[in-house]
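Some notes on the structure that comes next.
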Amino acid sequence: MMKFTKQNFIFLVGGIIIYVVDIGLDFWVASKYFCQGQYCWGILILCFRGLSSLITQVFSYEWFKNDWEGTETGKLKWIFLVHLLQCGIFIRYWFALKYGSRAAFKQKSSGDASETDPPNFIQKQAVDVVTDINMLRVFKTFLETTPQLFVQIYILMEHGKNNFYQYAAIIMSFCGISFSMVDYQISLRKSLCDKDEFHVLPKLVYLFYKLLTITSWILSISLITLLSVRSSVILLMFLWICCFVWTLKQHTTFCKSKKMEYLYRTVVGIILIFTFFNIKGRKTKVCISIYYAIHTVVTLGILFAYMFWKPSIIKEIHFTIVSILTILSLVLGIIVLVVYYRCFHPAAYCRPQACSDEVDGEAGQKDRVETGRFQNFIMQ
């Protein structure tokens, strides 16, 4: 049975704090660039922020509309207004705090909680609303946080100016990636009825697998950008096209409308540029092997390109350091990846029917609570 614990509630509160701090830090970093006359970097930082906010608001509102279709139509107008003001995520956090506190604290202390809702329904309610937030945070991570991290590293490598706010932005970017990846995997585990909780060791292994492989890739893209901005743009566009075509071949059905489904596939294509993302809930041994084999070939190709196009740069200390970090993080990341998938990854997925049976309501309520978006997403 899915359970929302006190520890989950504490992590939820921590996620809200980090989200607010991250917003403030983005505007602070952008203002620093504007004050220094580096308008391009400031505008780029704000563009990433605006793009990710716009797309996450669209998904958030669409999910509200789907959930409240036919029952809560009167509330959709002010929900739309709040999302139009780019504050929809705070509504979701409010619902998460409301349902999360009920599942983690009040349910155990209140003897009559089961008279209105069955315990499993209360737990599922909390898990589903937090899962929606975690999916939105994954979108935000790869539409905003990861590109910002790439830009900050590129600026440090290109100009060599070490400022506190740049380091702060890099640290917050890594924190954002870390929390979103771990929270995403926790939600995945909670939606699998026959799997245990995601314990500390698997969390750490999964965290290092993602961070190391993403770090290697970001450093690689930063290197090719130093070599040629046009080449890096062409490479990223080519990779996105390949990833988008692959999502089309998978025939995903995550969204109810075709327009939203194509937007979802577009976002997944961007995510796949930076890290592997299982979009069908199937066995991924072959796909993930091909994916990281391509990453390895491209990374080594970028390093060899430097040797042929700019052989003089090989003697520079910063290139040596970045090259070593790139290769080391890639090798360690793949090793940790193998350890994770051999020891800690859920090998089989339960059927949606099994999950539905666990959250059956009492008489007078729904005969069966439908599986949430995320469960359907990973069980296709």
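What to note about this one:
- For Lys3, the solvent-accessible surface with a 1.4 Å probe is about 110 Å², rounded to the nearest 10.
- Projected label distance in nm at Val286 and Ser257, using a 7 Å step from Cα toward the beta-carbon: 3.6
- Sorting Arg189, Arg102 by solvent-accessible area of protein heavy atoms yields Arg102, Arg189, largest first, with a 1.4 Å probe.
- Peptides 250-260, 289-299, 45-55 ranked from most to least packed by the mean count of surrounding Cβ atoms within 10 Å: 45-55, 289-299, 250-260.
- Highest mean first, the peptides 209-217, 20-28 sorted by other C-beta atoms within 10 Å per residue fall in the order 209-217, 20-28.
- Counting 0.36 nm for each residue step from Ile43 to Leu201 and taking away their Cα separation leaves a gain of 52.9 nm.
- Links that overshoot a 28 Å alpha carbon limit, given the list Lys75/Lys140; Lys75/Lys249; Lys190/Lys285; Lys140/Lys203: Lys75/Lys249
- Net length available on complete extension from Leu328 to Val13 is 109.9 nm, with 0.36 nm assigned per residue and the Cα-Cα distance removed.
- Rounded, prolate or oblate (a/c below 1.5 giving rounded, otherwise prolate when a/b exceeds b/c) for region 6-111 by Cα gyration tensor: oblate
- Spin-label model, Phe105 to Leu54: label points 7 Å out along the Cα-to-beta-carbon direction sit 3.9 nm apart.
The values are calculated or read from the model by the stated rules, or taken from the named source; none is laboratory data. Note that the coordinates shown come from a computational prediction; the quantities given were computed from them, not determined experimentally. Cβ sites come from the backbone with ideal geometry, for glycine too, and all protein chains shown count toward neighbours. The protein model used for the area step is the full one, side chains on, heavy atoms only, and it has no ligands, DNA or RNA in it. Shrake-Rupley method; radii C 1.70, N 1.55, O 1.52, S 1.80 Å.
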